[in-house]
Amino acid sequence: MDKILTLGIETSCDETAAAVLCGGRELLSNIISTQIPLHQKFGGVVPEIASRKHIVNIMPVIDEAITKAGVELKNINQIAVTKGPGLAGALLVGLSAAKSLAYALQIPLIGVNHLEGHIFANFLSAPELEPPFLSLVVSGGHTALIKMTGYNDFELLGQSRDDAAGEAFDKIARVMGLPYPGGPEIDKLAKLGDPNAITFPHPKVTGYDFSFSGLKSAVLNFLNTAQMKNETINAADVAASFQKTVVDTLAEKTLAAAEEFKLDKIVLAGGVAANSALEKTLRTACQRRGLKFFYPTKILCTDNAAMIACRGFYQSLEKKFADLTLNAVPNLGL
Ligand code: KG4
Ligand code: ZN
């Protein structure tokens, strides 16, 4: 039997994306049309603008994904689309396109959880990866530790009680006058600074939950106080010290969970997985402990439809299909 072709569609935030996947792991195309420059002048994503832009982009992006894959629409066997979490109006654009195509082509539709998609990006970067493993998902909206025992079996060990790690990066960058999205900017700036220059409080939450709002406030207070006193700050030191506090917290909990649950593979996922300090810290710690470390290639870390197609493919193996009543679930959890 020929391998299944899955068309993936992702429009949960500010990227309009489509991808074609052959079988579970062979990526034929991965098209991402980013709206970042459009939202930059507002310092963050404007939901109304995001929805409008998705409407303009969605069909050309899908067309490009099909063409680049070297297939035709009639060859597609199933469509996987992000149903949440994300911006309601943005999600609805992808869902409408996916439902219309699935109906017209008379093929199955699969509703995908965006956060699960982030974890599945790793299967595309590392074809040899298989569950069980421990995954740290760090994105703009979520921070979570997940034990994955099978392709469709997840156990949430802990998550952020307030801000997500990416959110803290973005808010601090904004106050420092850096462009949106702030995560990559802080990452760049931190390379020029001393991570031990300033001691920010380590978030103190027991178990595997996280909290970043206290740390965020401490950094913002530091910046405000300096401004009020007319003191010049070393922005690179602030970026490096803040980043180190976040990275140490994430790494500490991840390594403790791997030990407690006897998992020897650690899988990093989500936009913040692109952070060079987080990647380096976890890689070094894993090497020391004899654990295997996985993280997606840069393009698969941030939002894309390849990861949605991959997640959808594994759902389809268990016949987890949706019907045309599939709706957006903006607050969908793990
Ligand atoms: O997963 P993602 O693309 O979108 C969501 O699902 O939220 O993650 C976006 C987040 C943003 O907060 C962005 O600042 C952060 O990922 N990010 C980074 C880096 N690259 C992206 N944070 C820290 N360092 C980076 N290099
Ligand atoms: Zn995401």
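Suppose the filter is open to solvent by 50 Å² or more (accessible area, probe 1.4 Å), closer than 22 Å to Leu300 by Cα, under 23 Å from the mean Cα position of the chain (by Cα) and not assigned by TED's automatic domain parsing to the domain that holds Ser135; does Lys68 pass it? Reasoning before the result, please.
Numbers: open to solvent by 50 Å² or more (accessible area, probe 1.4 Å): yes; closer than 22 Å to Leu300 by Cα: yes; under 23 Å from the mean Cα position of the chain (by Cα): no; not assigned by TED's automatic domain parsing to the domain that holds Ser135: yes.
No: the conditions fail for Lys68.
Output the number of residues of the range 157-177 satisfying the condition of being more than 8 Å from ligand 1 (Cβ to nearest atom), in contact with a Lys or Arg (Cβ under 9 Å, 6 or more places away or on another chain) and either of a type in the set (Phe, Trp, Tyr) or farther than 22 Å from Cys286 by Cβ (or both).
So the answer is 5.
Does Leu215 satisfy the condition of being in contact with a helix residue (DSSP H, G or I) (Cβ under 9 Å, 6 or more places away or on another chain), outside any helix (DSSP H, G or I) and not assigned by TED's automatic domain parsing to the domain that holds Leu91?
Spelling it out, it is not the case that Leu215 is in contact with a helix residue (DSSP H, G or I) (Cβ under 9 Å, 6 or more places away or on another chain), outside any helix (DSSP H, G or I) and not assigned by TED's automatic domain parsing to the domain that holds Leu91.
Looking only at the range 1-21, count how many residues are more than 16 Å from ligand 2 (Cβ to nearest atom) and part of a loop (DSSP other than H, G, I, E, B).
So the answer is 4.
Being within 16 Å of ligand 2 (Cβ to nearest atom) and either under 20 Å from Ala251 (Cβ atoms) or at pLDDT 95 or above (or both) is the requirement here; does Asn122 meet it?
Details: within 16 Å of ligand 2 (Cβ to nearest atom): yes; either under 20 Å from Ala251 (Cβ atoms) or at pLDDT 95 or above (or both): yes.
Considered against the rule, which asks whether it is within 16 Å of ligand 2 (Cβ to nearest atom) and either under 20 Å from Ala251 (Cβ atoms) or at pLDDT 95 or above (or both), Asn122 comes out as yes.
Which numbered condition in (1) within 16 Å of ligand 1 (Cβ to nearest atom); (2) modelled with pLDDT of 95 or more is the only one that Leu324 fails?
With respect to (1) within 16 Å of ligand 1 (Cβ to nearest atom); (2) modelled with pLDDT of 95 or more, Leu324 is out only on (1).
Looking at Lys53, is it over 22 Å from the mean Cα position of the chain (by Cα), surrounded by fewer than 23 Cβ atoms within 10 Å (Cβ to Cβ) and either away from ligand 2 (no atom under 16 Å from the Cβ) or assigned to a helix (DSSP H, G or I) (or both)?
Criteria not met by Lys53.
Taking Leu136 and the conditions (1) outside any strand (DSSP E or B); (2) open to solvent by less than 60 Å² (accessible area, probe 1.4 Å); (3) more than 18 Å from Thr16 (Cβ to Cβ), which numbered condition does it fall short on, given that it satisfies the others?
(1)
Would you check if Gly271 is within 16 Å of ligand 1 (Cβ to nearest atom), open to solvent by 30 Å² or more (accessible area, probe 1.4 Å) and small (Gly, Ala, Ser)?
No.
Please determine whether any residue of the range 132-140 is without any contact (Cβ under 8 Å) to a residue 40 or more places away in the chain and out of contact with any Gly (no Cβ under 7 Å at 6 or more places or on another chain).
no
I want to confirm something. Restricting to the range 202-233 and keeping residues that are closer than 30 Å to Leu255 by Cβ and among the hydroxyl-bearing types (Ser, Thr, Tyr), which single residue is surrounded by the fewest Cβ atoms within 10 Å (Cβ to Cβ)?
The selected residue is Thr206.
Results for (1) free of Cβ contacts under 8 Å to residues at least 40 places away in the same chain; (2) within 18 Å of the chain's Cα centre (by Cα); (3) within 11 Å of Ile186 (Cβ to Cβ), shown as yes or no for each residue.
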position: Lys229; (1), (2), (3): yes, no, no
position: Asn234; (1), (2), (3): no, no, no
position: Val246; (1), (2), (3): no, yes, yes
position: Leu250; (1), (2), (3): no, yes, no
position: Lys253; (1), (2), (3): no, no, no
position: Ala257; (1), (2), (3): no, no, no
position: Gly271; (1), (2), (3): no, yes, no
position: Glu279; (1), (2), (3): yes, yes, no
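The values are calculated or read from the model by the stated rules, or taken from the named source; none is laboratory data. Nothing here was measured: the structure is a model prediction, and the numbers come from that model. For neighbour counting, all protein chains shown are included, and Cβ atoms are generated from backbone atoms with ideal geometry for every residue, glycine included. Keep in mind that these areas ignore ligands, DNA and RNA; they rest on the heavy atoms of the full protein, side chains included. Shrake-Rupley method; radii C 1.70, N 1.55, O 1.52, S 1.80 Å.
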